[in-house]
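Single-structure report; data block below.
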Amino acid sequence: MTDYRHHLIDGAWMAAQSAQHTTVYDSATEAQLANVAHGTNEEIHLAVRAAKNAFAAWSTLPVNVRADYVRAIADQLEEHVEHLAAGIAAEVGMPLKLSQRIQVQAPLLAWRATADLAAQCLADSSVGHSTITHVPVGVVGAITPWNYPLNQITGKVAAALVAGCTVVLKPSELAPCTAQALGEAALAAGLPKGVLNIVLGDAATGQALVDHAEVDMLSFTGSTAVGRRIAASAGQALKRVALELGGKSACIATADAPIDNVVRQGIGSRLPNSGQSCNSLTRLLVPAALYDQYRDLLAQAVTRLTLGDPRDAATRMGPLVSAAHRDRVQAFIVDSEARGYDLIAGGSNAALPVHGYFIAPTIFGRVPAQSTLAQQEVFGPVLSVITYDDEQQAIDIANGTAYGLAAAVWAGSTEHALHIARQLRAGQVDVNGAPYNAAAPFGGFGDSGLGREGGTFGIEEFVELRAIQLPVARTQENA
Ligand code: NAD
């Protein structure tokens, strides 16, 4: 068992003041894995002070120098790929091989890509007689969730650092190994003291960061409920805020879509983190006339998702992050069974491994579009199949939740799918199985948040624009 009892403040590890902590359990064995200290208001204050003091020097370094530090952090993290992949697999439940690729290698690429994009993204430009310059926002308070811990930290911290901001990070208390490794990497990379501070803790620690008067911007990824409170607090103080929140994303399959591909991707690649992904396509919209075909193929496909310990090579789907989260997901399933939806696979009585926070991959069919199951984020391996009569109805159903994070369209041709994609109110729309693109903007409409992460769009979140008007030459002035 690991004790995470130190915060990174002003370039050094400081022993936590408070004995209060969260205990983290191995998601597959339920054994105690770690204790994570809860940072106090004073520790948040010290960290914000350190970030504020470091800002003047860091924000005026040449952008290429800041980018080199970010690359050096990635190089240091690279030394710990195995350790991080194993740690995240145990904490979150993602199968180890996927954890290595998605939870660790992908964010390492993003650290480096962010460094590579910085100079071009932050270069001055001209509009008429104005020179447009990019000014780092200041001290950023970054708060992250547990489901893709290094990815979400990277989306904020790498972008904020190259932009010239200094950072206080409050990572999730349920996935602590990443933040510890990041702190070590920052020290080994020689990052100037105070540029990146990490305060471990729970909701109260996060709240102290949100409320701190000397934080200039809040960048939050997590639930919509918490995001709403953070936005309200930021609004009161007129702080800049970026929010990456929940989703209830739809995949529309048209009548001419390749059913096998829709099913394979709908099951195989959409539930790799046991449905604990904000952009999971948890609503599958199929033509009513094809429902029976989809039903049979989905029921077959789900049998290939072997449940087990994330460290077992045969495992295709691991457990959920915690007992509390497992119980929350289970409550959605029990409620949906009571309402009599067509249970295609899984359900509350499915066989499960003896230990671990498992939920069987579960599919409900003929789910009403306005039902709780089709409207609320479950954040577990639960797919709702919804039928529609014509494509306009499918588009209306897809757009008919409070969220707007992601969507997908499968159709007989790219043109057909694109025609539908252009009508979907979501931050990312995949056409005919197109893969994820880390350089594209990621973020949502409506209850899915404010702002974007990824590529140059993510760096731009952390700068103010300053227009410097230059004197106009006399000839132009007279023209
Ligand atoms: P959460 O909102 O419970 O917690 C997220 C973080 O906020 C944690 O670090 C937590 O300690 C902190 N926190 C909680 N209450 C706080 C408060 N009052 N003030 C300040 N900080 C507070 O979310 P979670 O359970 O960790 O993550 C799951 C949620 O995150 C899901 O809703 C999911 O959709 C969302 N998510 C969104 C994205 C995206 O990019 N849009 C990505 C991943 C996860």
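A short reminder: the numbers here are calculations on the coordinates, not readings from a lab. Only a predicted model underlies this, so the values are computations on that prediction, with no experimental measurement involved. A quick note on method: Cβ atoms are made from the backbone with ideal geometry, for glycine too, and the neighbour counts reach across all protein chains shown.
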Exercise for review: Binning at 10 Å from 0, report for region 291-405 what percent of all alpha-carbon pair distances ends up in each bin.
Suggested key: 13, 41, 34, 11, 1
Point to revise | Among 83-91, 244-252, the order from most to least packed when residues are scored by Cβ within 10 Å on average | key: 244-252, 83-91
Check your understanding: In nm, what is the difference between 0.36 nm times the number of residues separating residue 42 and residue 414 and their Cα-Cα distance?
Key -> 128.4 nm
Check your understanding: What number, rounded to the nearest 500 deg cm²/dmol, is the helix-based mean residue ellipticity at 222 nm of the chain, given -39500 (n - 2.57) per DSSP H run of at least four residues and division by all its residues?
Key -> -11500 deg cm²/dmol
**Study point:** Listed residue pairs exceeding 21 Å between alpha carbons, taken from 52/193; 97/156; 170/239
**Key:** 97/156
Revision key, fill the gap. Computed over region 134-199, the distribution of all Cα-Cα distances in 10 Å bins, rounded to whole %, is 22, 58, 20, 1
Practice item. Using the number of other C-beta atoms within 10 angstrom as an exposure proxy, rank 2, 40 with the fewest first. Key: 2, 40
Review point. Over region 138-286, what is the relative contact order in whole percent, taking alpha-carbon pairs under 8 Å and six or more residues apart?
Key: 23
Point to revise | Contact order relative to length of region 59-150, as percent, for alpha carbon pairs under 8 angstrom and 6 or more apart | key: 32
Point to revise | Linear extension gain, residue 17 paired with residue 355, 0.36 nm per residue minus alpha-carbon span | key: 118.2 nm
Check your understanding: Any idea what % of Cα-Cα pairs in the chain are farther than 29 Å?
Key -> 50
Check your understanding: Label point 7 Å out from residue 120 along Cα-to-Cβ: which residues of region 419-442 have amide N under 15 Å?
Key -> 438-441
Point to revise | Inter-label distance for residue 474 and residue 366, nm, one decimal - labels placed 7 Å from Cα along Cα-to-Cβ | key: 8.5
Review point. Nearest 0.05, what FRET efficiency do residue 292 and residue 256 give at R0 = 22 Å with Cβ-Cβ as r?
Key: 0.80
Point to revise | Burial ranking of peptide ranges 380-388, 207-215 (average Cβ count within 10 Å, highest at the top) | key: 380-388, 207-215
Practice item. Please get the size of the charge dipole for region 48-167, origin at its Cα centre, with Cβ charges of +1 on Lys and Arg and -1 on Asp and Glu, quoted in debye to the nearest 20. Key: 260
Check your understanding: Mean shadow of region 41-193, computed from the convex hull of its alpha carbons, in nm²?
Key -> 9.4
Review point. Given H placed on each backbone N at 1.01 Å, which residues far from residue 445 in sequence or on other chains put an amide H within less than 5 Å of it?
Key: 404, 405, 427
Review point. Do you know the relative contact order of the chain, to the nearest whole percent, from alpha carbon pairs under 8 angstrom that are 6+ apart?
Key: 19
